[in-house]
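Note sheet for the following structure.
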């Protein structure tokens, strides 16, 4: 298993209502139209992950999990890798329920997305000073 720890921050415009995706971005600003974005100013990009992780992400046998923690509340999103995941984007990482692949896709077949997160968790993410402790983990089945 490989893991990567990083963090992101909350933002007053976090809505967390998107029904098919969840996104964390390096961007500093967020409009209310970004209903999938739950964290900004992340310290990790997909492009900067090491080659071993990028190889793991290309396998349909790899389980990928994003764990997020804020003030004792923990949320987990589980999905899988896919051959078309390039991890080339320098700005965003997106968990998707679908099988759509692009440079921003961190996992496909996600079991949860922004709208599935506990509303208490989302409420805490509306504080721009809140730190979201994140971990990506990669395990071959």
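Every read-out reported here was derived from the displayed coordinates using simple, explicitly stated rules and does not represent laboratory data. Bear in mind that the values here come from a model prediction, so they are computed numbers and not experimental data. Neighbour counts are summed over all protein chains in view; Cβ atoms, including those assigned to glycine, are modelled from backbone coordinates with ideal geometry.
Before moving on, here are some points about what is shown:
- Every residue from segment 118-141 that is under 21 Å from residue 29 (Cβ atoms) and part of a loop (DSSP other than H, G, I, E, B): 125, 126, 127, 128, 129, 130
- All of 61, 96 fail the test of being crowded, with 17+ Cβ neighbours inside 10 Å and farther than 20 Å from residue 10 by Cα, apart from 96.
- Search result, residues across segment 65-85 that are surrounded by 16 or more Cβ atoms within 10 Å (Cβ to Cβ) and free of Cβ contacts under 8 Å to residues at least 40 places away in the same chain: 78, 79, 80, 82, 85
- Considered as a group, the residues in segment 38-56 that are without any contact (Cβ under 8 Å) to a residue 40 or more places away in the chain and either closer than 28 Å to residue 127 by Cβ or within 10 Å of the chain's Cα centre (by Cα) (or both) include one that is surrounded by the fewest Cβ atoms within 10 Å (Cβ to Cβ), and that residue is 43.
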